[in-house]
Amino acid sequence: MTRTDQPVRRRTTPKGKVLISGASIAGPALAYWLNRHGYAVTVVEKAGTIRSGGYPIDIRGTALDVVERMGLLPQLRDAHIDLRRITFLEGDGSEVTSLHPHAVTGGVAGHDLEVRRGDLTDALYTAVRDDVEFLFNDSVDSLEQTTDGIDVTFRGGGSRRFDMVFGADGMHSRTREMVFGPEDQFHRHLGYCFAIFTMRNALGLSHETVMWNAPGRAAAVYAVSDDDEVHAFLNFAQRDLPSGMFGDREAQQRLLTETFADAGWEIPSILAALREADDVFFDAVGQIRMPQWSRARVALVGDAAYAPSFLTGQGTSLALVGAYMLAGSLAERDHAAGFAAYEHATRAFVTLNQNLVGKGGATLFPTTAQALEERNDRLRKLSALPSPEPRPAHSALALPDFDDL
């Protein structure tokens, strides 16, 4: 059932048949709005089901308006994890300062949301699962565009024709690679690599984050509740992308172990947990910057088109806003005009939020001893109270009301 406080105008004949690759955040959100605008939607996802669990993510500014229009805001407010403090530590484990997280992120207490990633994906999926087709354990093998449609061959077998295809399959998008070419022409490396995984809550943390820093290295433990498990995070400066590392779990562990081998505090315990964890996610910190988000009948949304990196804290919000804007731009337009309208209306907002990265790296992960001490001095001067005002970039786009709804 579509969850909304607005009546839905159903069409006996859909505007067209569309395929969305990816069922994380941008994909189900796009499916919801395209269905509202009268399209017959299929979502293909290589995983066996919607991925639950996961680390905390933020929903801020304009993205809050999107989830409110979907009727999901009350549910997500109930799921808000309310992190209460972030404690910064010196390399020897001594405390630098303890702050409300919003004093660092620019979020607004009582307004912005932080939820487990799985709580958001579950909410999005539940909102749309009865109205669109989901194909799990499958993915797109090939695309062939013609003048009047796209012929799609699936890796699980068979082929179908769609009017449009949307890549919502993440930063390392297979859809983007097939249509636009290799990732390296769009990937902007930001000089770090990171790993995130779960471990036992040996420190007894509750609704808080503890972050340890040394020049060019950082470790953090996130406790989103009183649970026995926490999310561990390791981040380190890496000038060049470590080629061949991303598909090799043992090589990742060796690199992380060597990088943090002489670190104190709880780092030895975190490295031990890394070796035992079965949910390690390792990647480079980077952005996707593209001159164009569409080609013929294929368009990209979310991280596939404009991953901003976790340094901005805006990846989820851009995915939600982008999905709304892309679907709405197609409400009363053909694919060519709709894709152009999507870029025209959304790109400035995306760029403004991607540019927040210039502050993120220097604030959280200084690479020299001097820069780290300067960062710590700035943190000590920050108010321990939550930020009273959001960062302007978070709400820089006012959502239009599309006529088709």
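The values are calculated or read from the model by the stated rules, or taken from the named source; none is laboratory data. Small disclaimer: the values here were computed from a predicted structure and weren't measured. Here the Cβ is made from the backbone with ideal geometry for all residues, glycine too, and neighbour counts use every protein chain on show. Accessible surface is based on the protein model in full, side chains and every heavy atom, while ligands, DNA and RNA are left aside. Shrake-Rupley method; radii C 1.70, N 1.55, O 1.52, S 1.80 Å.
Each residue of the stretch 187-280 gets 107 Å³ once the volume of the Cα convex hull is shared out per residue. Comparing R239, R77, R391 in a Gaussian network model of the chain (Cα springs below 10 Å), the most mobile by mean-square fluctuation is R239. Seen from all directions on average, the stretch 80-236 presents a Cα convex hull projection of 13.4 nm². Potential lengthening of the chain between A337 and R155 amounts to 62.4 nm, from the contour at 0.36 nm per residue minus the alpha-carbon distance. Mean sequence separation of contacting Cα pairs (under 8 Å, at least six apart), scaled by the length of the stretch 182-317, corresponds to a relative contact order of 29 percent.
Under the simplified labelling scheme, the D228-S269 pair shows an inter-label distance of 1.6 nm, with each label point 7 Å from Cα along Cα→Cβ. Which percent of the accessible area of the chain is formed by carbon and sulfur heavy atoms (probe 1.4 angstrom)? The computed percentage sits at 48.
Taking label positions 7 Å along the Cα-Cβ direction at both L352 and R188, the computed distance is 1.7 nm, reported to one decimal.
When only Cα pairs under 8 Å and 6 or more residues apart are kept, what is the percent relative contact order across the chain?
Details: 813 pairs, mean separation 92.2, N = 405.
With pairs under 8 Å counted, the relative contact order is 23 percent.
Computing FRET efficiency as 1/(1 + (r/R0)^6) for S243 and S395, where r is the C-beta to C-beta distance and R0 is 41 Å, gives about 0.55. Counting only alpha carbon atoms, the long axis of helix 249-259 and the longest principal axis of the chain meet at about 30°.
Taking +1 at the Cβ of each Lys and Arg and -1 at the Cβ of each Asp and Glu, which of Y342, A31, L234 sits farthest along the dipole of the chain towards its positive end, judged by Cα position relative to the Cα centre? Result: Y342, furthest along the dipole toward the positive end. In this label model, R85 and S98 are separated by 0.2 nm, measuring between points 7 Å along each Cα→Cβ vector.
Can you tell me the length gained on complete extension of the stretch D78 to H207, counting 0.36 nm per residue apart and subtracting the Cα distance?
Taking 0.36 nm per residue and subtracting the Cα distance, the gain is 44.9 nm.
Could you give the accessible area per residue of the stretch 190-285, probe 1.4 Å, as a whole number in Å²?
44
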